[in-house]
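Trainee: Just dropping this structure here.
The values are calculated or read from the model by the stated rules, or taken from the named source; none is laboratory data. None of the values given here were measured: they were computed from a predicted structure. All Cβ positions, glycine included, derive from the backbone under ideal geometry; neighbour counts span all protein chains shown. The area values use the complete protein model at the heavy-atom level, side chains included, leaving out ligands, DNA and RNA. Shrake-Rupley method; radii C 1.70, N 1.55, O 1.52, S 1.80 Å.
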Amino acid sequence: MIAAAPLSPATTSWFRSLDWERLLETYGVPLLAAIVVLLVGMWLARRLSNAMPRATSRMGVDPMLGSFLRNVVYAASLVIVVILAIGTLGVQITPLLAVLGTAGLAVGLALKDSLSNIASGVMLVTLRPFRVGDVVTIAGQTGTVREVRIFQTVITGADNQHTTIPNTLITAAPIINLTAEPTRRVELVVGIGYEDNIQLARDTALALMKADPRVLQTPAPDVVVYELGAHAINLGIRCYVKAADHFGTKVTLLEQIKLGYDKAGINIPYPQQDMHLYLHGKDGGVVEADALVRDKP
């Protein structure tokens with residue numbers, strides 16, 4: 001354990017020379033009042049900011065707005081409390097406000113990117129391209145919106161990891177809201193061989209979709225020919241489901257269609273190449289030929 005260094009004789013003499021009684025009479029009460037104002041103000045600021053989500057919820061406003069206002073109100077309240085506490089000490093507030101205004105301008109120029117994030121946050125809350133709980137793709141990230149803060153937006157991905165994205169990146173890029181509507185379309189592209197029966201493939205896929213209770217019958221499921229490809233006839237297998245059932249229905253249908261096509265004898269081709277090798281002997285005759293090489297994707 002390291003012992004504290006003793007005060008020098010000059011410092012000790014200076015402390016003893018101070019008139020502590022006069023200092024306490026002059027500054028004790030204002031200092032105590034400033035501390036009380038600061039503590040009570042911080043408590044009130046926290047209570048007031050925490051009341052914003054409840055107030056907006058009673059008004060039927062989007063919870064995203066309540067969360068954003070909570071952060072803004074708390075930051076603004078702290079600034080007011082600090083100014084009042086300084087004023088309680090006897091410091092003139094008017095010159096202080098002028099100094100803070102000048103300093104705020106300089107800080108604002110230095111932190112223009114942060115101010116842009118605040119402005120973008122206000123745009124997100126005002127225009128509401130998404131709400132808390134929506135599944136979105138923003139700035140290349142896909143997840144569920146958890147909170148819109150003053151500077152960033154927090155989303156949770158499918159792996160339960162939180163991603164914090166600056167608000168300016170969100171407003172500067174396309175926003176894809178995957179759950180804006182109550183239903184979504186499941187769209188699968190499955191290839192069948194040119195020798196296979198298209199109608200049989202269509203009927204098999206339609207039967208599998210109609211047998212799934214998650215598939216909505218309005219709009220009705222359908223199967224169309226998308227493309228006559230180089231290796232297969234590509235079918236578009238489409239149906240509508242509730243937004244929450246999209247992923248589960250998609251992966252289930254993929255598996256069921258593969259099993260159903262196998263059972264019906266429908267081939268799902270894959271790209272392949274036939275390469276013929278001709279080896280010539282010294283006399284120019286063919287020694288070996290016709291080797292098949294398959295190139296799977």
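Trainee: What FRET efficiency do you get for Ala244 and Val189 if R0 is 35 Å and r is their Cβ-Cβ distance, rounded to the nearest 0.05?
Mentor: Once rounded, the FRET efficiency stands at 0.90.
Trainee: If you don't mind, another one. Could you check the spin-label model distance between Asn197 and Val132? Points 7 Å from the Cα along Cα→Cβ, value in nm.
Mentor: Label at Asn197, label at Val132, 5.6 nm between them.
Trainee: Ok, one more. From the square roots a ≥ b ≥ c of the eigenvalues of the alpha-carbon gyration tensor of region 169-241, which class results: rounded (a/c under 1.5), prolate (a/b over b/c), or oblate?
Mentor: Verdict is oblate for region 169-241.
Trainee: For region 166-227, what % of the accessible area comes from carbon and sulfur atoms, probe 1.4 Å? All intermediate terms of the calculation are to be shown ahead of the outcome.
Mentor: Numbers: 2060 of 3540 Å².
With neighbouring chains kept in place, the figure for region 166-227 is 58 percent.
Trainee: Another question about this same structure. Which whole-number percentage describes the relative contact order of region 135-229, with Cα contacts under 8 Å and a sequence gap of 6 or more?
Mentor: 19 percent
Trainee: Related question: Quick one: length gained pulling Leu44 to Ala172 fully straight, 0.36 nm per residue minus the C-alpha distance?
Mentor: 42.4 nm
Trainee: Then there is this: Hey, can you find the accessible area per residue of region 152-240 for me, probe 1.4 Å, expressed in square angstrom?
Mentor: Here the per-residue accessible area is 54 Å².
Trainee: Which FRET efficiency value, to the nearest 0.05, do you get for Val122 and Asp262 by plugging their Cβ-Cβ distance into 1/(1 + (r/R0)^6) with R0 = 35 Å?
Mentor: 0.05
Trainee: So, R0 is 22 Å and r is the distance between the beta-carbons of Val82 and Arg54; what FRET efficiency does that work out to, to 0.05?
Mentor: Numbers: r = 26 Å, r/R0 = 1.18.
Once the sixth-power term is evaluated, E becomes 0.25.
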